[in-house]
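Below is one structure, written out as C-alpha cells, with a few remarks after it.
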Amino acid sequence: MNGLETIASAPMWAGFVGFVLVMLALDLFVFGGNKAHKVSVKEAGAWSAVWVSLALLFNGGLWWYLKGTVGSEIADQKALEFFSGYLIEKALSVDNVFVFLLIFTAFQVPQQYQRRVLIYGVLGAIVMRAIMISAGAWVVSEFSWVLYLFGAFLLFTGLRMLVAVDEEPDVANNPILRFARKHLRVAEGDHGEKFFVAKDGLRYVTPLFLVLLLIEVTDLVFAVDSIPAIFAITTDPFIVFTSNMFAILGLRALYFLLVDVADRFHLLKYGLAMVLTFIGAKMLIMPWYHVPVQASLAVVAVLITASCVASLFITPKDDKK
C-alpha cells in the first residue's frame, strides 16, 4: 500500500488489527457468539449502539491524534472522510441484510442458528474485504485511471438497481449452490448448528454450511460495489480499511435489529441505488469538478433518510387493494 498516501503508521495498522481481533475473540468466547440462541431486538439494538459508538470513538480518537501530529486541517479532513465512508458502508450493508433474510427464509434456518452463521460470515467477510481493499489500493496506486472504471461500474450498478429494484434473487437456483450440491456430500435434514457431520466414516456438510457459503458469496458480491464506492471518498488505505471493518463488525447486530422491520423500509433499495448512481457520477466528473466530502456526505444522508421516511408513508404495491 506504499503507492498511496496514508496518515497511518505501522503501529496504527497493528493497533487497529489487534483491536478487531480482540473484539472478535470477545464476541466468540466471552459474549457467546459461538452459542446458538435467539437474538432479541433489545440485544441487537444494544450491540448496534456499541458498534456505532466504537466507530465514532475511533473517529474522535483519530481526529485528536492527527490534530496533535499533522495539524487541524488534515485531522478534520480525515475524520470527515472516515465518517462519510462509514456512513456509505453502513448504508450499503443494509442491502446485505435483505439478502441474508431471503437466504435464511429459503433454507428455513431457525433464528437461534442464524447468529452462528453470521459470526462466521463476518469472519470470512473481514478476510475477503482485507484482501480486496489491499488489491484495490495497489491497483489505484499503480493505475489511477482505474478510479474512472470504478465510477462507470458504480453508475451502471446504481441504474441497474433502480430498474430491477423489485426483483428478488433466486436463491434455490444460485449457481454456487448448484455447484456445491454437485461436488460436496450434503447431509440433508436438521443437524442443529453444525456445519459438518460424520456418517459411515465420511464427512458431510450440512444445509447450514450451504447457507454460510451463500452468505460469504453474497458479501463478496456486495463488496464489489461497496469498496469502489469508498474509494470515491478517499484513497487513503487506512481510512478505507477501518471504515469498512467497523461497518462489517456491526453487520450481524444490524441484521437482527432490522429483520422484523425489513419490509417496512421497502423504498430503501431505491435510496441505495441512487447513492451508488451519485457516487459513480461523482467519480466520473472528477477531472472537471471535485465534489467536496461534505457535499457527498450530505447527499448520501439525504438519500438514505428520504427513502426511509418515504417508506413509512407510501404503501408497498403488494399491500394495495
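Tell me, which helices (runs of 4 or more DSSP H) lie completely within the stretch 100-185 with 3 or more residues that are touching a residue at least 60 places away in the same chain (Cβ under 8 Å)?
Answer list for the stretch 100-185: 111-142, 146-163.
How many of the residues in the stretch 271-288 are surrounded by 13 or more Cβ atoms within 10 Å (Cβ to Cβ) and either among the charged types (D, E, K, R) or farther than 22 Å from Ile227 by Cβ (or both)?
The number of residues fulfilling the criteria is 1.
Answer yes or no: is there a residue in the stretch 16-37 that is modelled with pLDDT of 90 or more and among the polar types (S, T, N, Q).
Within the stretch 16-37, none of the residues are modelled with pLDDT of 90 or more and among the polar types (S, T, N, Q).
So is Val261 open to solvent by less than 50 Å² (accessible area, probe 1.4 Å), under 30 Å from Tyr148 (Cβ atoms), out of contact with any Lys or Arg (no Cβ under 7 Å at 6 or more places or on another chain) and of a type outside the set (Ser, Thr, Tyr) or not?
The answer is no for Val261.
Residues are listed down the side, and each one gets a yes or a no for (1) modelled with pLDDT of 85 or more; (2) of a type in the set (Ser, Thr, Tyr); (3) closer than 20 Å to Leu24 by Cα:
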| residue | (1), (2), (3) |
| --- | --- |
| Lys90 | yes, no, yes |
| Ala125 | yes, no, yes |
| Met128 | yes, no, yes |
| Val146 | no, no, no |
| Leu154 | yes, no, no |
| Val163 | no, no, no |
| Glu167 | no, no, no |
| Ala172 | no, no, no |
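So which of Ala247, Ala273, Ala295 ends up being over 21 Å from Leu80 (Cα atoms) and out of contact with any Cys (no Cβ under 6 Å at 6 or more places or on another chain)?
Ala273
I want to confirm something. Restricting to the stretch 38-62 and keeping residues that are modelled with pLDDT of 90 or more and β-branched (Val, Ile, Thr), which single residue is nearest to Arg116 (Cα to Cα)?
The qualifying residue nearest to Arg116 (Cα to Cα) is Val50.
Please state which one of Leu258, Leu303, Leu249 is closer than 21 Å to Leu102 by Cβ, in contact (Cβ under 8 Å) with a residue 24 or more places away in the chain and of a type in the set (A, V, I, L, M, F, W, C).
Only one candidate qualifies: Leu258.
Sort through Val291, Val211, Val221 and tell me the only one that's surrounded by fewer than 21 Cβ atoms within 10 Å (Cβ to Cβ) and under 20 Å from Leu123 (Cβ atoms).
Unique residue meeting the criteria: Val221.
The values are calculated or read from the model by the stated rules, or taken from the named source; none is laboratory data. Remember, it's a predicted structure, so these values are computed and weren't measured experimentally. Reconstructed Cβ throughout: ideal geometry from the backbone, glycine too, with neighbour counts over all protein chains shown. To get the accessible areas, we keep the full protein, side chains included, count just its heavy atoms, and leave off ligands, DNA and RNA. Shrake-Rupley method; radii C 1.70, N 1.55, O 1.52, S 1.80 Å.
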